[in-house]
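I have placed the structure first, in the form of structure tokens, so that the comments after it can refer back to it.
The values are calculated or read from the model by the stated rules, or taken from the named source; none is laboratory data. Quantities reported herein were computed from a predicted structural model and do not represent experimental measurements. Cβ placement follows ideal geometry from the backbone for every residue including glycine, while neighbour counts extend to all protein chains displayed. Only protein heavy atoms, including side chains, enter the accessible area calculation; ligands, DNA and RNA are left aside. Shrake-Rupley method; radii C 1.70, N 1.55, O 1.52, S 1.80 Å.
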Amino acid sequence: MRYEWLLVLGMVSCGGAKAGQAPEAQAPEAREASASPVAPEEAASAESPAESSGSLPTECTKTKSDLCVPANAFVQKLCEGNYPAVALAMFQKATPWTRGYLTRKTKAWNASGGASDSDELAFDEEVLVLRHRSSDMGGMQVSGAGGGYDALRWNGSCVTLAAEELTLKLPPAAKSSKVEWRYLDDGQQTALRNDEKIDSAYKERRNECKGATMGSVTLKCEKADKRLSEVIIAYVRGGGSVPTPEKLP
């Protein structure tokens, strides 16, 4: 009888231990991982939903200067590729981004990892300032005591400029890199053609170029192509709206 009671008590004791058993203690590695602080990049991403939601930034990020620039995470992705449609949207008159202008003719190069243009930036060319670069940012040397800047051209490419190559003072007649019609989103093309001047320039280019987009073309085609770019830029600078691009960084 005593043996049966001991057996029952033993079974109850074991069952109680299983039912009320505490969770296994975390391994030291797991505890350390769960207690680790969020990395600065992750914190910035959490605070800036626009960076991870596939949308264009609309507000200035906090910097030590008076420049109004997009979030650095967006800039890095933007400058790793070429986004003509994004550039057109960001150059809209209503956007808050700081405009800069070239103080001299200079060769285009991109220190952020993306492809560099083979052409040169013109004196007085307009760009959007994307971020300030310290003299040793990313292992790339930027001449000038004040470091330099990453900037966005009208053609959608990023360029790295020395501090002395850029001014915020608006010139009498700002220039721009060429906007290539064929690289714009279908939605942007359709919306832009609602403007009579752009539609007229588009039809003129189509007639003169006969559908050609590269290779040997006539002088009239070159002029019509340049004219279409100029009309688009004038429209955007004048306050014309552009749809959000289909492809984003």
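Contact map, segment 198-210: residues that are buried (at least 18 other Cβ atoms within 10 Å of the Cβ) paired with residues that are of a type in the set (D, E, K, R) and not in a helix (DSSP H, G or I), Cβ distance under 9 Å, separation 6+ or inter-chain. Pairs shown: Y202/R193.
Per the conditions (1) surrounded by fewer than 18 Cβ atoms within 10 Å (Cβ to Cβ); (2) farther than 18 Å from L88 by Cβ; (3) at pLDDT 95 or above, the sole criterion not satisfied by L166 is (1).
Results for (1) open to solvent by 80 Å² or more (accessible area, probe 1.4 Å); (2) of a type in the set (S, T, Y); (3) at pLDDT below 75, shown as yes or no for each residue.
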site	(1), (2), (3)
E42	yes, no, yes
T61	no, yes, no
A73	no, no, no
P84	no, no, no
P96	no, no, no
D119	no, no, no
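Quick one: would you say V231 is open to solvent by less than 90 Å² (accessible area, probe 1.4 Å) and within 26 Å of the chain's Cα centre (by Cα)? Spelling it out, V231 is indeed open to solvent by less than 90 Å² (accessible area, probe 1.4 Å) and within 26 Å of the chain's Cα centre (by Cα).
Within segment 169-197, the set of residues being of a type in the set (S, T, Y) and either over 27 Å from F123 (Cβ atoms) or open to solvent by less than 30 Å² (accessible area, probe 1.4 Å) (or both) comprises S177, T190.
For the condition modelled with pLDDT under 95 and among the charged types (D, E, K, R), R153 does not qualify. For segment 187-226, the set of residues classified as over 31 Å from the mean Cα position of the chain (by Cα) and outside any helix (DSSP H, G or I) consists of K210, S216, V217, T218, listed by residue number.
Residues in segment 191-240 that are under 19 Å from M90 (Cα atoms) and among the hydroxyl-bearing types (S, T, Y): S229, Y235.
Table: residues versus (1) over 26 Å from R237 (Cβ atoms); (2) surrounded by 15 or more Cβ atoms within 10 Å (Cβ to Cβ); (3) at pLDDT 95 or above.
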residue	(1), (2), (3)
Y101	no, yes, yes
K107	no, no, no
A111	yes, yes, no
D124	no, yes, yes
V129	no, yes, yes
Q141	yes, no, no
G148	no, yes, no
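Please verify whether segment 171-193 includes one or more residues that are in contact (Cβ under 8 Å) with a residue 40 or more places away in the chain and among the β-branched types (V, I, T). The answer is yes, given that some residue of segment 171-193 is in contact (Cβ under 8 Å) with a residue 40 or more places away in the chain and among the β-branched types (V, I, T).
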